[in-house]
Every structure is written in structure tokens, then in C-alpha cells.
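A short write-up of the structure that comes next.
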Amino acid sequence: MDTGEKGRNMTVRPRKGGSYAVGRARRTRILHVAMEEFAENGYRGASLARIAERAEISQPGLLHHFRTKEELLAATLDLRDDMDVERFTDADGARLTGIPAMEALADLVERNQRIPGLVQLFTVLSAESVTVDHPAHAWAHNRYRRIRAFIADGIRTGIASGEFRADIDPEAHAFRLVAMMDGLQQQWLVDADAVDMAAVFRTYLHETLDAMRAR
């Protein structure tokens, strides 16, 4: 052991990488806690103070990562989207395409039926964000483009592999499938007893796939 002058003057400094990892882990924890809070209490009923308490962080510490509740909600929904993306990959992590990608959409709708709180938040925020000055406008704009691109790319790959007819329009089908998903979600939220959105969407999807298949 070195007990000389050099040893006494040495200072242990935290590594930048470690500090970054701690900050990233704290941000991820906040998002997961916020997801639970928004799902339980809705957007208007959710409290930044309560989210901070549940995440075991001060409210100023929370605001260091997310400046407003709107920003936190948008980040929470981005996290949900990232979790959904995982459902569109196979066991090896490769992106699903063709018919498996379309079937994954039905699985997603079925999962959403089990989390009405987050579905309600998504629906309300999507409606509110149509104005360009809304904090979540860019999020909604980019999300719709991403999901339509995923569906269209999956259909194009299915055409190339011979699963689907060569004369179908991938972008048009992407628009219709997203419209059906969102429309069913809204009807289900208003009248869940009358609308089984997972069953209705799966039936619609299979009818669409039957029409798209190469003969």
C-alpha cells in the first residue's frame, strides 16, 4: 500500500460513463413510474409531485429530465411505442415482414385492450396534438409516419417474397389499417361493452390479408 505523498494526494473522480449511466437509469425509472401514474389517474389527474415521489426523486430532479408534464407524457408514450416495436421482431431480433408483421398488428390491438388507461391517454393526446403549437404535435406526427412506414415496408417485403399480390398499394393499405386501429380504439373507449376491438380488428385484418395474398 502506498502511504506516501502521491497516495495522499490522489483523488477518486467519478467516471463520466458511470454518471451518464446513472442519469439514463433514473430517466428510465421516471418514465416507467409515469406510465403507471398516467394509466391509473389519467393525464389531468396525474401529478408531477406524485410521480417524483414514486420514482424516489425530488420534483426539481424530475424537472431536470422533463421540463413539463406534457413533455413527460410524450416521452412516456415514446417508451410505450418502443415497447410495442419489440413485438414486431422475431426471436433473433430481426424485423417482422409480410404476413407475420400484419399478424403482429392484431396482437398489438389485443394487448392494448388490456391497458385501457394508456390507450385513453394516447387517444386524447393524439386528438389534442392536431394543432401545431401543441407540445406533443411532433410526437404524434412522427409516430403516425413511423407506424405507416412499418406497415407499408412489411407489405412491400411480402410482395417481393411472393406472399402478396404485386398490384396492391402498400401505402394505401397502411393508411387503412392505422385508421381502423385508431377508430376501433375510440369506439372501444366510449363503449367497451359493445366493442371487442381485438376481435373486430383481427377479422378485418384476415379479410384484408385474404384479398392481398398472391393467388
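Using all Cα-Cα distances in the stretch 120-196, what percent lands in each 5 angstrom bin from 0 up to the longest?
3, 15, 18, 18, 16, 13, 10, 6, 1
Ignoring ligands, DNA and RNA, what percent of the accessible area of the stretch 169-215 is carbon or sulfur (1.4 Å)? Kindly include the intermediate steps, with their values, before the conclusion.
Working: 1410 of 2600 Å².
That fraction is 54 percent.
Placing one identical point scatterer on every Cα of the chain and ignoring solvent, what is log10 I(q)/I(0) from the Debye formula at q = 0.08 Å⁻¹?
-0.39
Quick one: compute the contact order of the stretch 75-175, relative version, from alpha carbon pairs under 8 angstrom and 6+ residues apart, as a percent.
Values: 65 pairs, mean separation 29.6, N = 101.
It rounds to 29 percent for the stretch 75-175.
Relative contact order for the chain: what percent, with Cα pairs under 8 Å and sequence separation of 6 or more?
Details: 167 pairs, mean separation 41.2, N = 215.
Rounded, it is 19 percent for the chain.
Given contacts defined as C-alpha pairs under 8 Å and at least six residues apart, what's the relative contact order of the stretch 137-204, whole-number percent? It would help to have the intermediate numbers written out before the result.
Details: 32 pairs, mean separation 16.2, N = 68.
Dividing the mean separation by the residue count of the stretch 137-204 yields 24 percent.
List the residues of the stretch 34-60 whose backbone N lies under 16 Å from a point placed 7 Å from the Cα of residue 82 along the Cα-to-Cβ direction.
34-36
How many nm is it between the label spots at residue 71 and residue 111, if each spot is 7 Å from the Cα in line with the beta carbon?
Between residue 71 and residue 111, the simple spin-label model gives 2.8 nm.
Peptides 145-152, 72-79, 98-105: what's the order by average Cβ count within 10 Å, highest mean first? Don't skip to the answer; put the middle values down first.
Details: 145-152: 16.8, 72-79: 20.6, 98-105: 18.5.
Those peptides, ordered most packed to least, come out 72-79, 98-105, 145-152.
Could I have the simple spin-label model distance between residue 190 and residue 56, label points 7 Å from Cα toward Cβ, reported in nm to one decimal?
Taking the two extended label points, one gets 4.4 nm.
What whole-number value in Å² describes the accessible area per residue of the chain for a 1.4 Å probe?
Numbers: 12650 Å² over 215 residues.
It amounts to 59 Å² per residue over the chain.
Give the angle, between 0 and 90 degrees and rounded to the nearest 10, that separates the Cα long axis of helix 69-85 from the longest principal axis of the Cα atoms of the chain.
60
With the crude spin-label approximation of a point 7 Å out along Cα→Cβ, what separation in nm comes out for residue 214 versus residue 166?
Label-label distance for residue 214 and residue 166, simple model: 0.9 nm.
The values are calculated or read from the model by the stated rules, or taken from the named source; none is laboratory data. Since this is a predicted model, take the numbers as computed values, not measurements. Please note: Cβ atoms are built from the backbone with ideal geometry, for glycine as well, and neighbour counts cover all protein chains shown. The accessibility values were calculated without ligands, DNA or RNA, using every heavy atom of the protein model including side chains. Shrake-Rupley method; radii C 1.70, N 1.55, O 1.52, S 1.80 Å.
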